[in-house]
1. Can you spot a residue in region 68-91 that is polar (S, T, N, Q) and touching an Asp or Glu at 6+ places or on another chain (Cβ under 7 Å)?
2. Please find, among Glu240, Glu282, Glu260, the residue that is at pLDDT below 95 and outside any loop (DSSP other than H, G, I, E, B).
3. Inspect all residues belonging to region 163-181 and state whether any of them is assigned to a helix (DSSP H, G or I), among the hydroxyl-bearing types (Ser, Thr, Tyr) and near the ligand (Cβ under 9 Å from one of its atoms).
4. Just checking, does region 104-121 include any residue being among the hydrophobic types (A, V, I, L, M, F, W, C), outside the structural domain of Gly159 (by TED's automatic domain parsing) and in contact with a Cys (Cβ under 8 Å, 6 or more places away or on another chain)?
5. With the condition kept exactly as written, say whether any residue in region 278-286 is among the charged types (D, E, K, R) and either within 16 Å of the ligand (Cβ to nearest atom) or touching a Lys or Arg at 6+ places or on another chain (Cβ under 8 Å) (or both).
6. Which of the residues spanning region 1-52 are part of a strand (DSSP E or B) and hydroxyl-bearing (Ser, Thr, Tyr)?
7. Take region 33-46 and flag every residue that is away from the ligand (no atom under 16 Å from the Cβ) and within 18 Å of Lys110 (Cβ to Cβ).
Amino acid sequence: ICWSARGGWHRPRVQPYGPIALDPAAAVLHYGQEIFEGIKAYRHADGSIHTFRPEHNARRLQRSARRLALPELPVEYFLQSLRELVAVDGDWVPSGADQSLYLRPFMFAKEAFLGVRPAQKVAYYLIASPAGAYFTGGVKPVSIWLSEDYARAGRGGTGAAKTGGNYAASLLPQSEAYEKGCDQVVFLDADGNVEELGGMNVVFVTKDGTLVTPQSESILEGITRDSILQLAQDRGHRVERRAVPLPEWRDGVASGDIVEVFACGTAAVVTPIGVLKAAGFEDVQPTGTLALELRGHLTDIQYGRAEDTHGWLTRLDA
Ligand code: PMP
């Protein structure tokens, strides 16, 4: 579907997968005016196809759009794009355990204009790809590298938006993490508080059963995190969303006040953090059972094996 400042949203259509023709002066290629989402479609045992809290992705795309001076796609158009894709490509939604069809909605400035100003012509696309189980042979704890030299987003920047530039900024620190023998990188925010991983939010479990997750204006508000925290609250756990200074993490692990650390996002759902490495520092992280229990509950809801008490599922094929 296309958008122009004069005509608004127009020309919704389904077309065969293939290259996009772009003018070499298209604004997205020069100024990175681009946003996206990540969401999955799940096949239930009866064959029906469902997605998870899609209106949250739609609204997050709108928030990202505002920050990137792009037009807001109406929620209903977003949902319609998911339904139409599944109507033609529903056979691609796999039925294996932990498998899904990964959906990638994205929007970019296609106007050919080299001046720096919000583009007057924009395109919204949705593509999809079958995704196998993220973990084979059981969920494995990840090791993470603390990036103290690089940030993915600064104060007043685009951290809370899902825009390509944040991911571009995370590539070098992510390579640094690999060089240090780690799977992922964890960033600090502008105040030196724990922020998030390149593509996942972080949650700490304290010994009294409280779940603490970093809050700042530069964190991407994860839908998985919100859901996991809700499920924990349903079980009577307390939840705190607040700034988490780095020393609180280190001291909490050392004193035994923090009993579990995990990361969460659409791709891996929930993964325990097994090791935190930083320059001159390595710390094995405590592991427990809560992260995996909550992961099990959430995936049971997503795959239709547990009751969807919060009304989180949206059927896409009917
Ligand atoms: N933080 C970042 C930077 C991400 O890219 C993602 C993945 N979208 C998340 C957190 C987790 O968000 P969600 O649970 O909505 O996938």
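The values are calculated or read from the model by the stated rules, or taken from the named source; none is laboratory data. Here the structure is a predicted model, which is why all the values come from computation and not from measurement. Positions of Cβ are backbone-derived with ideal geometry, glycine not excepted, and every protein chain shown enters the neighbour counts.
1. No - not one qualifying residue is present in region 68-91.
2. Criteria check complete, one pass: Glu282.
3. yes
4. No, there is no match, as no residue in region 104-121 is among the hydrophobic types (A, V, I, L, M, F, W, C), outside the structural domain of Gly159 (by TED's automatic domain parsing) and in contact with a Cys (Cβ under 8 Å, 6 or more places away or on another chain).
5. There is at least one residue in region 278-286 that is among the charged types (D, E, K, R) and either within 16 Å of the ligand (Cβ to nearest atom) or touching a Lys or Arg at 6+ places or on another chain (Cβ under 8 Å) (or both).
6. Selection gives Ser4, Tyr42, Thr51.
7. If the condition is that a residue be away from the ligand (no atom under 16 Å from the Cβ) and within 18 Å of Lys110 (Cβ to Cβ), then Gln33 is the only one that fits.
To keep it simple, each residue is scored yes or no on (1) touching a Phe, Trp or Tyr at 6+ places or on another chain (Cβ under 8 Å); (2) hydrophobic (A, V, I, L, M, F, W, C); (3) surrounded by 12 or more Cβ atoms within 10 Å (Cβ to Cβ).
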| residue | (1), (2), (3) |
| --- | --- |
| Ile1 | yes, yes, yes |
| Trp9 | yes, yes, yes |
| Gly32 | no, no, yes |
| His50 | yes, no, yes |
| Asn57 | yes, no, yes |
| Gln62 | no, no, yes |
